[in-house]
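The values are calculated or read from the model by the stated rules, or taken from the named source; none is laboratory data. What you see is a predicted model; the values in this text were computed from it and never measured. Glycine gets a Cβ as well: all are built from the backbone with ideal geometry, and neighbour counts include every protein chain shown.
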Amino acid sequence: MTLNHQVTQAAEWLRTRDQRTCDLGLVLGTGLGTLADEMTEAIKISYRDIPHFPHSTVKFHAGQLVLGCLEGKTIFAMQGRFHGYEGYPLQSVTLPIRVMHRLGIRTLILTNAAGGIRPALLPGSIALIKDHLNLMGNSPLIGPYDESLGTRFPDMSEPYSLRLRQLAMQTARELKIPLLESVYAAVMGPSYETEAEISMLQVLGADTVGMSVVPETLVARQLDMDVLGLTAVTDQAIPGSMSAVSHEAVNKMAAELGPRFRRLLRAIIKAL
């Protein structure tokens, strides 16, 4: 079955469950999924029930779609995402983004937990993604071309919408929440980075590093969607002072900064 058919079937199945038109797509990363619990008039659908959606296998990811209202917007919220390191092809990882677009969504907010690799990006910081480095060695855009899935050669001169970034910075200033711009490096994982790899990433110009976001951004930009990326910095890796990192500690830190992160995200959604 072609990717286009998979997208069509998933979108049509979801329309039978909820007829509302969503204003916004939202992907909630590790430790950040509780924002979806604040939505009203919400229906929750397990990824396992949606045709062609992968199954979420990562601890701390709820693995469900939440359709509901928040700050005056109707939102298609993913409570947990999929990753290449789970063994899924990147076309499957990014299928939900194509389904969002098929359902009429043109604005996408991506959130994630990631490591800071600059001194200013301490655990507990919030970073605004201004650009990225795709170091996954793969792309969800590889494969037979179908014009219904977007342009063959997407422009990436502005992968993260300048308009949305400016709105996020202004909103953060009004709330007096520090928000640092970052270049985000996406690696395949699931192992965390070595000291030598962190040194390499610094030389390449990266400020944060994680295992998601970029495949979703590539597909969204192929479909001409506007993207905003927000990172919860959950740990820090600086050559010369490396310390052990665990998924449990990452989730704990994301949960601790969750109230501030949710406050900022709700204000951004309201301002859209």
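General remarks:
- Screening 195, 174 for residues that are farther than 16 Å from residue 111 by Cα, acidic (Asp, Glu) and in contact with a Pro (Cβ under 6 Å, 6 or more places away or on another chain) leaves exactly one candidate, 195.
- For residue 141, the requirement of being crowded, with 16+ Cβ neighbours inside 10 Å, over 30 Å from residue 9 (Cα atoms) and at pLDDT 95 or above is not met.
- Residues located in segment 99-127, provided they are part of a helix (DSSP H, G or I) and either of a type in the set (Lys, Arg) or under 12 Å from residue 234 (Cβ atoms) (or both): 102
- In segment 187-207, residue farthest from residue 236 (Cα to Cα) [restricted to those that are among the β-branched types (Val, Ile, Thr) and crowded, with 16+ Cβ neighbours inside 10 Å]: 187
- Qualifying residue in segment 177-187 (condition: farther than 29 Å from residue 89 by Cβ, among the hydrophobic types (A, V, I, L, M, F, W, C) and out of contact with any Ser or Thr (no Cβ under 9 Å at 6 or more places or on another chain)): no
- Residue in segment 83-98 that is in a strand (DSSP E or B) and either farther than 24 Å from residue 37 by Cβ or of a type in the set (A, V, I, L, M) (or both) present: no
- Only one of the numbered conditions (1) assigned to a loop (DSSP other than H, G, I, E, B); (2) touching a residue at least 40 places away in the same chain (Cβ under 8 Å) is not met by residue 130, and that is (1).
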